[in-house]
Amino acid sequence: MKNTLMDMRRLSAILLAVMLLCSVTAVSAFAAGSAPVLTYAAAGHAPESAAEVYAQNVNSMVSVTTTEKVNMFGYDALTGGAGSGFIITQDGYILTNYHVVEAAEEITVGMYGGESYTAELIGYDASNDIAVLKIDASGLTPVTFGDSDKVVVGEDVVAIGNPLGELNFSLTKGVVSALDRDVSFSGNVRLKLIQTDCAINSGNSGGALFNMYGEVIGVTNAKLAGSGFGAAPVESIAFAIPVNSIVDIAEQIMTKGEISSPYIGILVGDVDENLRAYGIPAGGNVVEVTEGSPADEAGLQKNDVVTGANGDPITDRDDLVKLIHSCAAGDKVELTVYRQGETVKLTVTVGENVKSALPEAEKTENAEK
């Protein structure tokens, strides 16, 4: 959420305003030695009131303010942004959205008690819109992570963040409106998000979405907003990244400075109604195959439709993506493929895709292009 510039970006075919904040060009580093310890929920405790969730967690929330350099009329100028984040380890690691710190020259983190720290960008994953910051502090109170796979529609939730970058440490309350909302962002980023009717505004990006056990189940990152003449008004449609999809990534950023994930090397989409009208079955439609990838070596081709995997049906793109993400490098997956009126069986050995999460690595890559 870009507070100062109030930049609300269009997302997909609908008008989805991504709450951008700032951007960062900070010194990169990653933790060495023992892995940081994240806190997970203990079973069996009772639900709490919104006031109790707030009291339990407000000291784990932070404000994030940034300074970035922009060019205006041929002159360099500084502008600022503001957003949210939350503490994930006792020694000062903080989770926020990537779009909050995307191009910042400086990042400052503010605590509920009034303390202020200069923060370092440790690393990020733009494809999942998360970034990890580090401040020089110890003895902090980290949040407790819940299980976002257990979230249900209608469940009460609260969000804590810094709307407008001025109303710091505000709590809003609502319910989970829907799950697995497929939202497309600029840069070919596509995320499955939790939809909530909590009031989420510019400045809330990077803040925590809690269940009523005081556990973080999501990271608020976007909302719907009408835009342009004649646009229909939009109320109470906001989104959060499920924590189960990003906690492992955050741990990899902190411990290794890189992110590894299973892959087979295809770009896949859904079989649309036009194709279905010609008798093409539902499944994962292969749009592109990376040369030399595991899929290429297994014989998968462009325009193939994956209709099954390991004996289970694949009805759309998401089924296939979810299955591959559940695999480990080296796993073998038997695919059932529809190809030009015939069904073929292919066995793919899942590979490992490793990318740097360090800011300096991206700067070097861009300079070499």
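Under the condition of being farther than 16 Å from Ala250 by Cα, in contact with a Ser or Thr (Cβ under 9 Å, 6 or more places away or on another chain) and aliphatic (A, V, I, L, M), the residues counted in the stretch 119-149 number 2. Does Asn221 meet the test of being part of a loop (DSSP other than H, G, I, E, B), within 20 Å of Phe86 (Cα to Cα) and either among the β-branched types (Val, Ile, Thr) or touching a residue at least 12 places away in the same chain (Cβ under 8 Å) (or both)? Here the answer is no, as Asn221 does not meet what is asked. Taking the stretch 152-206 as the region of interest, the strands (runs of 3 or more DSSP E) fully inside it that hold 2 or more residues being touching a residue at least 24 places away in the same chain (Cβ under 8 Å) and surrounded by fewer than 15 Cβ atoms within 10 Å (Cβ to Cβ) are 170-185.
Answer with yes or no whether Leu209 is modelled with pLDDT of 95 or more, surrounded by 23 or more Cβ atoms within 10 Å (Cβ to Cβ) and assigned by TED's automatic domain parsing to the domain that holds Ser84. Judged against the criteria, Leu209 is a match. For the stretch 79-93, the criterion of being closer than 26 Å to Asn353 by Cβ and at pLDDT 90 or above is met by at least one residue. Evaluated against (1) within 15 Å of Ala240 (Cβ to Cβ); (2) in contact with an Asp or Glu (Cβ under 6 Å, 6 or more places away or on another chain), Gln195 falls short on exactly one condition, (2). Taking the stretch 90-121 as the range and being more than 18 Å from Glu68 (Cβ to Cβ) and surrounded by 22 or more Cβ atoms within 10 Å (Cβ to Cβ) as the test, the residues that pass are Tyr93, Ile94, Leu95.
When we screen Asp129, Asp125 for residues that are charged (D, E, K, R) and touching a His at 6+ places or on another chain (Cβ under 7 Å), the only hit is Asp129. In this structure, Asp129 does not qualify as surrounded by fewer than 22 Cβ atoms within 10 Å (Cβ to Cβ), under 30 Å from Glu258 (Cβ atoms) and assigned by TED's automatic domain parsing to the domain that holds Glu215. Evaluation of Ser84 against the conditions (1) surrounded by fewer than 21 Cβ atoms within 10 Å (Cβ to Cβ); (2) among the polar types (S, T, N, Q); (3) within 16 Å of the chain's Cα centre (by Cα) shows that the sole unmet condition is (1). Looking at the stretch 107-116, can you tell me whether even one residue there is more than 18 Å from Thr255 (Cα to Cα), without any contact (Cβ under 8 Å) to a residue 24 or more places away in the chain and assigned to a strand (DSSP E or B)? Yes: the stretch 107-116 contains one or more residues that are more than 18 Å from Thr255 (Cα to Cα), without any contact (Cβ under 8 Å) to a residue 24 or more places away in the chain and assigned to a strand (DSSP E or B).
The values are calculated or read from the model by the stated rules, or taken from the named source; none is laboratory data. Worth saying up front: this structure is predicted, and the values here are computed from it rather than measured. Don't worry about glycine lacking a Cβ; one is built from the backbone with ideal geometry, like all the others, and counts go over all protein chains shown.
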